[in-house]
Ligand code: 0A1
Ligand code: ZN
């Protein structure tokens, strides 16, 4: 564990590395408790870093140092020093060969950083600073080196993998075996990977645009070998897409993916050897839902795309994380949009941004897309860096157009191939390739917070001119009181009374991107016979909040007529927000609740509209989540949010019963499963209807769910029915269904995780007592992040009602788990605590209980750096 009060690292303190490592030769002798690591480094003084020969500082954490040699000579202990951060070695010449031997214990490594064991298999996770838990090394992304890796292991680990190409294998005299891998591309240590285990593989091949054959392999435990086909298909699609859209080919002869059960995040883009959380790669129709199929496609693509945006061109330092993550998320989102429904993908991404990223931007951990400082970099793998970062890249794409953006990305890759660079380098390449000035735009990288656009308009009948006034502001965030105006691309359309897009300029364009750059700005349009209706921020052209005083009629009109599918959905969301806002008010004032009839009728016509993509209909029928309502609220009144939303769902379900049933019956088809977009769309609308129907708690509706559960041939239908039963069914029946489900699937890790999360995430089922029972279940494992997320994470993040219990017991429970987890896995503890950090936004009594829970974490003893950073910043 690190010090209780860790240091803060600042971007402004960045310095070039004092020494470069031209080559890195690693030799592992794998043993659960005592793995021997020998590392041979060709070290060279960095000529750009200055004169003299300062000591060589190597990062190292929890390592047992055995020996240090330079140019074949053992170095006496007087010439090096073990320091808290690692090792400091005196240097006598500008170039030398350093050999270090050390020992580590993969078996005791529960942090899942560095080298660890997962179900008896060795694997690594080195991003961001995990390599220092393997051996002493300049563990920073701007030190790039060519790696050669030899793995020696007993024969019970037949598969031994590392980055690059296999160049040698053989037997050792004592009966073990070894394999040597060589990666021809220089890379930072965070992209190093090693895997050893008793694994099976599926193999395929891919021919690149220029005709090179690439071997593709996916490795898993034998029991999962039937669950790799979808990932393999997704990989090939991603490889083709990157060639077609970005002109980027794969560069090694082999590309490997390994599935591991114990993993802190989704997956990792190690060069040529991606390591995946099993949950993000394994799927079969019987065991995985549509959402999982789509997530796998997106994550496989994301990791693959990193080969260029991340590996070939990497980050200079970790403040630049969004350089690779924002760009790669943008790339994977566009890929998913091309493979599936573009509008639905956009709606999903924006929903995530609005609920979670906006909340982050308004909370105690708010930071810019390129942070200025951190205590623990693991805490900055955030929605801001990833999702908002992707929005920033998307805005550049919007400003430059697809062709201009491609010119910019070509220049970026050509200019910086093989380098470790900055967000600034990315923007510069975009500017240079297009001859544009993005000076003001750069503020998106340095200013935190979600900008707000207040929009008003006026129409002059005599001249037929229409004026739009836009005021931008951005709330203060920690360390940033005042903000300068952003450059906001505001995509706009104007609708006629007939619902047609009006021409906005002389060229007849019906959509424009207005450059909002000032605190207040007006835009003039002319030639209108009547006052047009604005469709603002089409496609969510910037990560901002838009306020415009739409009437219910105008929103209904946009829902029906807007040519921008995203804004049709958004108009519905605005309408629902207003209705739910009123319900919350009425609830607080003890009034009888009544749902606005306009909302019911709007939903009815959406449901009856057969011209719309059923997936879009499903999205349009979904009320904003409790979390979204909480994010929008000035002060969170959890009880009012819960009751208002529950009432609205119920009222909608009652009013739309006939239509819902009709749609359900029409879409409930007996056809073989396929994860194709059209089929996913039908299932999603069908199951949305089922869920609404069950919200009435009518016996007939619950019977439908029970029948679907009993007969389902795919996990999407099965899990949707079970979720509906869990949320609305009779307790004894549901218990039986849950038991049947568990018995059927108890040997399948991914399905058991789903089973956990369905219960913990249910307002009705996931009571604290139930969640505690689940934690005592034999399939639960505190050392496995997926299990923690499925039980505790689902409770804290998705079970709004139970987590926010007025007695504060939900908070206390999460706080206790965070304390326990911190001793095993600090990264996971620091993530799990986040729902407790926004106490300032809650109404006083509940907020105070939340703060007390957080305080109890702080007082619990010595915290990891990860947890300390989040908790201390949140208590300030
Ligand atoms: N670079 C990975 C994310 C990742 C980050 C940290 C990890 O371990 C602590 C693991 C994965 C990605 O963007 O997919
Ligand atoms: Zn990534």
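Observations on the structure shown:
- Count of the range 268-281 residues which are under 15 Å from residue 293 (Cα atoms), in contact with a helix residue (DSSP H, G or I) (Cβ under 6 Å, 6 or more places away or on another chain) and within 13 Å of ligand 2 (Cβ to nearest atom): 1
- Candidate set from the range 358-387 (those that are more than 17 Å from the chain's Cα centre (by Cα) and not in a loop (DSSP other than H, G, I, E, B)); member that is nearest to ligand 1 (Cβ to nearest atom): 374
- Put simply, of 243, 286 the only residue that is part of a loop (DSSP other than H, G, I, E, B) and either crowded, with 24+ Cβ neighbours inside 10 Å or away from ligand 2 (no atom under 16 Å from the Cβ) (or both) is 286.
- Breaking point among (1) within 21 Å of residue 236 (Cβ to Cβ); (2) within 15 Å of ligand 1 (Cβ to nearest atom); (3) under 16 Å from the mean Cα position of the chain (by Cα), for residue 292: (2)
- Set 303, 286, 244: member being without any contact (Cβ under 8 Å) to a residue 12 or more places away in the chain and either more than 16 Å from ligand 1 (Cβ to nearest atom) or more than 15 Å from residue 750 (Cα to Cα) (or both): 244
- Condition met for residue 508 (surrounded by fewer than 16 Cβ atoms within 10 Å (Cβ to Cβ), at positive phi and out of contact with any helix residue (DSSP H, G or I) (no Cβ under 7 Å at 6 or more places or on another chain)): yes
- Residue match in the range 323-335 (condition: part of a helix (DSSP H, G or I), away from ligand 2 (no atom under 14 Å from the Cβ), buried (at least 24 other Cβ atoms within 10 Å of the Cβ) and within 13 Å of the chain's Cα centre (by Cα)): no
- Against the criterion of being out of contact with any helix residue (DSSP H, G or I) (no Cβ under 7 Å at 6 or more places or on another chain) and either within 17 Å of residue 299 (Cβ to Cβ) or within 16 Å of ligand 2 (Cβ to nearest atom) (or both), residue 256 qualifies.
- When residue 314 is tested against (1) part of a strand (DSSP E or B); (2) more than 16 Å from ligand 2 (Cβ to nearest atom), just one condition goes unmet, and that condition is (2).
- Selected residue (only one of 90, 173, 82, 99 is at pLDDT 95 or above and in contact with a helix residue (DSSP H, G or I) (Cβ under 6 Å, 6 or more places away or on another chain)): 90
- The residues listed here are 794, 779; of these, the one that is more than 16 Å from ligand 1 (Cβ to nearest atom), within 22 Å of residue 112 (Cα to Cα) and surrounded by 21 or more Cβ atoms within 10 Å (Cβ to Cβ) is 794.
- Residue match in the range 405-415 (condition: within 16 Å of ligand 1 (Cβ to nearest atom) and either more than 30 Å from residue 533 (Cα to Cα) or part of a strand (DSSP E or B) (or both)): no
- When we screen 772, 876, 859 for residues that are touching a residue at least 40 places away in the same chain (Cβ under 8 Å) and over 22 Å from residue 360 (Cα atoms), the only hit is 772.
- The helices (runs of 4 or more DSSP H) found entirely in the range 686-768 that carry 1 or more residues being without any contact (Cβ under 8 Å) to a residue 12 or more places away in the chain and more than 24 Å from the chain's Cα centre (by Cα) are 699-711, 731-745.
- In the set (1) in contact with a strand residue (DSSP E or B) (Cβ under 8 Å, 6 or more places away or on another chain); (2) surrounded by 20 or more Cβ atoms within 10 Å (Cβ to Cβ), residue 88 fails one condition alone, (2).
- The number of residues in the range 439-475 being surrounded by 14 or more Cβ atoms within 10 Å (Cβ to Cβ) and free of Cβ contacts under 8 Å to residues at least 24 places away in the same chain comes to 1.
- Scanning the range 312-338 for residues that are farther than 20 Å from residue 406 by Cβ and within 10 Å of ligand 1 (Cβ to nearest atom) yields 321, 325.
- Sole exception among (1) assigned to a helix (DSSP H, G or I); (2) buried (at least 19 other Cβ atoms within 10 Å of the Cβ) for residue 845, by number: (2)
- Note on the range 797-813: residues that are in a helix (DSSP H, G or I), buried (at least 24 other Cβ atoms within 10 Å of the Cβ) and within 22 Å of the chain's Cα centre (by Cα) amount to 0.
- Counting the residues of the range 210-231 that are within 21 Å of residue 309 (Cα to Cα) and either in a helix (DSSP H, G or I) or in contact with a helix residue (DSSP H, G or I) (Cβ under 7 Å, 6 or more places away or on another chain) (or both) gives 2.
- Matching strands (runs of 3 or more DSSP E) fully within the range 50-141 where at least 3 residues are within 16 Å of ligand 1 (Cβ to nearest atom): 114-118, 121-125
- Failed item in (1) part of a loop (DSSP other than H, G, I, E, B); (2) closer than 29 Å to residue 141 by Cα; (3) without any contact (Cβ under 8 Å) to a residue 60 or more places away in the chain, with residue 436 passing the rest: (2)
- Test: residue 306 is under 28 Å from residue 374 (Cβ atoms) and more than 16 Å from ligand 2 (Cβ to nearest atom): no
- Conditions (1) within 12 Å of ligand 1 (Cβ to nearest atom); (2) closer than 28 Å to residue 405 by Cα; number of the one not met by residue 239: (1)
- Of all residues assigned to the range 826-847, at least one qualifies as being at pLDDT below 95 and touching a strand residue (DSSP E or B) at 6+ places or on another chain (Cβ under 8 Å).
- Enumeration of residues in the range 169-196 that are assigned to a strand (DSSP E or B) and either over 28 Å from the mean Cα position of the chain (by Cα) or exposed (fewer than 15 other Cβ atoms within 10 Å of the Cβ) (or both): 169, 170, 171, 177, 178, 179, 180, 181, 182
- Among residues of the range 520-573, those that are farther than 23 Å from residue 623 by Cβ, surrounded by fewer than 16 Cβ atoms within 10 Å (Cβ to Cβ) and under 35 Å from the mean Cα position of the chain (by Cα), counted: 2
- Out of 396, 299, 347, sole residue that is assigned to a helix (DSSP H, G or I), at pLDDT 95 or above and more than 17 Å from the chain's Cα centre (by Cα): 396
The values are calculated or read from the model by the stated rules, or taken from the named source; none is laboratory data. Please read these numbers as outputs of a predicted model, since none were measured by experiment. So basically every Cβ, Gly included, is an ideal-geometry build from the backbone, and we count neighbours across all protein chains shown.
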